[in-house]
Amino acid sequence: MHSFLVSIVINYSIAIPALLAIIRFKHIYRSFYPLVFLIWLGLANESLSIAMVFSTGSNTVNSNLFVLAEFLLLLLQFFSWNTGSRRSYFLAAGFGIAVWITDNLLLNTLSQNNSLFRAFYSFVVLLFSIKQISKILNRNRRNLLKDAVFIICITFLFYYGCKSYIEMMNAFHLGLSRLVLWNLWIIMYFVNAISNILYALAILCIPTKQEFILPY
Amino acid sequence: MHPNETRIYIAVLGGVLVLLVLVVMFVITIVGYHRKKLAFHLKNIGSQISYLDQQCEKIAADLHDDLGASLSGIKMRLQCIKAGDADTLSIINFSKYHIDEVMYKLRLISFNMIPDLFLQKGLEQALRELLNVMTHAANIRIDFCYNAPAFNKERATHIYRIVQELLNNTMKYSGASAISCQVRKTKNIVQLQFTDNGKGFNKDAVIKEPRGVGLKNIMTRVDLLRAKIYITTAPAQGAAYLIEIPAL
């Protein structure tokens with residue numbers, strides 16, 4: 001019970017960027033709105049998860065639905081940072097939805113803790129983050145550590161890198177005991193907390209208006 | 001936990017820590033590389049721009065001092081001629097008109113090439129003259145306001161060149177009937193705001209495929225000033241440029 005309470009407190013670190021996003025919302029440039037909505041959705045999902053755990057004993061249904069919404073919002077975020085072809089985003093979204101249906105409706109049920117889609121979308125987010133970082137390096141003429149997009153993409157690299165790694169372990173059904181699985185999730189909670197602090201930093205760095213930059 | 005499970009757990013934890021270290025190393029390397037690249041870029045464009053400005057000054061000084069003085073001399077001599085008949089008088093007047101036109105064009109070329117000569121009167125006066133001279137022939141309403149501290153020669157030249165390039169673009173492409181140029185100091189920055197009511201342009205298309213050197217020149221000077229530029233424009237909606245220059 002004690003570690004469960006600790007996990008709740010750690011997971012509520014999402015409240016920090018969520019609160020900062022509320023305070024700064026009027027000054028946040030609109031191309032960052034998908035991430036802001038994702039953070040608010042994450043906070044709502046945390047609250048719903050606690051309610052579900054206490055009422056039904058499991059939060060898997062809302063978590064499985066949340067990861068799909070998270071994936072689509074992240075794709076929208078990458079799209080709104082880049083102008084150009086929509087094809088790759090539509091392709092990734094279509095493929096992602098197909099994997100989600102396969103994982104959550106065909107191979108398993110919504111009430112199970114399914115890892116295939118989580119591992120898949122983490123990998124897709126990693127690919128888009130790497131592409132975005134290379135674009136930033138080609139265009140940015142300011143301090144990278146104050147660039148909100150750079151901080152967010154680095155956070156994605158760390159968070160979704162760890163997530164894809166741990167979800168892949170889970171996807172193979174290694175027959176680990178509940179205690180080991182719980183400890184693995186505790187690692188993920190700490191990764192989540194570090195990421196939330198980085199998101200808060202990124203929210204503070206989001207510009208009010210979009211600077212005009214030509215590539216080198 | 002079973003010893004095998006403990007080993008698996010430690011392996012996973014180790015993997016996460018390795019990933020964390022890799023990400024941190026990646027950030028440190030990338031930030032360092034970016035700083036070096038930025039410094040090299042600024043040094044490179046700084047020396048190029050400085051060389052170009054020097055060459056322009058040299059050519060413009062030759063034009064202004066030699067050709068300008070010669071033309072003034074020719075005009076004075078023409079004024080001394082006492083015309084006997086109407087035909088001769090008409091030729092003299094026609095020639096004087098042409099000399100005035102050539103002198104105006106010479107002045108325009110000088111404005112374009114040697115801001116230093118005009119910056120001696122201060123940036124405010126130089127910009128005022130630039131706006132007047134360049135919009136002289138076209139029927140364009142000018143709104144100019146200057147409320148900023150003095151800049152050193154290098155920074156004043158960059159600002160002058162930026163306004164010159166913006167004005168050039170507006171005159172060439174926008175078909176505007178009104179231009180506003182405001183230079184104001186607010187807190188720790190100087191804001192240069194340049195707007196026109198012309199036909200505007202597609203910003204995204206320009207970013208994707210930059211055409212011409214005008215905007216690139218502006219961006220180069222903006223970089224050298226360590227300033228930021230914001231452009232608000234769309235087809236048929238005019239263009240507004242806001243340049244925020246850190247006040248030293």
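The values are calculated or read from the model by the stated rules, or taken from the named source; none is laboratory data. Note that this is a predicted model, so its numbers are computed, not measured. Positions of Cβ are generated from backbone atoms using ideal geometry, with glycine treated the same way; all protein chains shown enter the neighbour counts.
Summary table below
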{"quantity": "Within the stretch B:133-148, tally of residues that are surrounded by fewer than 18 Cβ atoms within 10 Å (Cβ to Cβ) and at pLDDT below 85", "calculated": "6"}
{"quantity": "Search result, residues across the stretch A:17-29 that are buried (at least 18 other Cβ atoms within 10 Å of the Cβ) and touching a residue at least 40 places away in the same chain (Cβ under 8 Å)", "calculated": "A:Pro17, A:Leu20, A:Ala21, A:Ile28"}
{"quantity": "Residue check, A:Leu68 out of contact with any Pro (no Cβ under 9 Å at 6 or more places or on another chain), assigned to a helix (DSSP H, G or I) and either over 30 Å from B:Phe40 (Cα atoms) or away from chain B (no Cβ under 14 Å) (or both)", "calculated": "yes"}
{"quantity": "Helices (runs of 4 or more DSSP H) (entirely within the stretch B:1-114) containing at least 3 residues that are surrounded by 12 or more Cβ atoms within 10 Å (Cβ to Cβ), away from chain A (no Cβ under 14 Å) and in contact with a Leu (Cβ under 9 Å, 6 or more places away or on another chain)", "calculated": "B:3-62, B:86-113"}
{"quantity": "Extreme residue, nearest to the chain's Cα centre (by Cα), among residues of the stretch B:158-198 that are among the hydroxyl-bearing types (Ser, Thr, Tyr) and over 14 Å from B:Asn112 (Cα atoms)", "calculated": "B:Thr170"}
{"quantity": "The stretch B:163-189 - residue that is more than 21 Å from B:His136 (Cβ to Cβ) and among the charged types (D, E, K, R) and, of those, modelled with the lowest pLDDT", "calculated": "B:Lys187"}
{"quantity": "Of all residues in the stretch A:89-119 being under 11 Å from A:Leu68 (Cα atoms) and of a type outside the set (A, V, I, L, M), the one that is surrounded by the fewest Cβ atoms within 10 Å (Cβ to Cβ)", "calculated": "A:Gly96"}
{"quantity": "Helices (runs of 4 or more DSSP H) completely within the stretch B:144-248 that count 2 or more residues being without any contact (Cβ under 8 Å) to a residue 40 or more places away in the chain and more than 13 Å from every other protein chain (Cβ to nearest Cβ)", "calculated": "B:153-169"}
{"quantity": "Odd one out for B:Thr195, checked against (1) among the polar types (S, T, N, Q); (2) surrounded by fewer than 19 Cβ atoms within 10 Å (Cβ to Cβ); (3) modelled with pLDDT of 90 or more", "calculated": "(2)"}
{"quantity": "Selection from the stretch A:37-65 of residues that are surrounded by 15 or more Cβ atoms within 10 Å (Cβ to Cβ) and outside any helix (DSSP H, G or I)", "calculated": "A:Asn59"}
{"quantity": "Any chance A:Leu126 is of a type in the set (A, V, I, L, M) and touching a Gly at 6+ places or on another chain (Cβ under 7 Å)", "calculated": "yes"}
{"quantity": "Output for the stretch A:168-183, where each listed residue is crowded, with 18+ Cβ neighbours inside 10 Å, facing chain B (nearest Cβ under 7 Å) and modelled with pLDDT of 80 or more", "calculated": "A:Met169, A:Val180, A:Asn183"}
{"quantity": "Residue count, the stretch A:71-88 (criterion: surrounded by 15 or more Cβ atoms within 10 Å (Cβ to Cβ) and not in a helix (DSSP H, G or I))", "calculated": "1"}
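Per-residue answers, yes or no, for (1) free of Cβ contacts under 8 Å to residues at least 24 places away in the same chain; (2) under 16 Å from B:Gly14 (Cα atoms):
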| site | (1), (2) |
| --- | --- |
| A:Asn140 | no, no |
| A:Leu144 | yes, no |
| A:Cys162 | no, yes |
| A:Met168 | no, yes |
| A:Ser177 | yes, no |
| A:Val180 | yes, yes |
| A:Trp185 | no, yes |
| A:Val191 | no, yes |
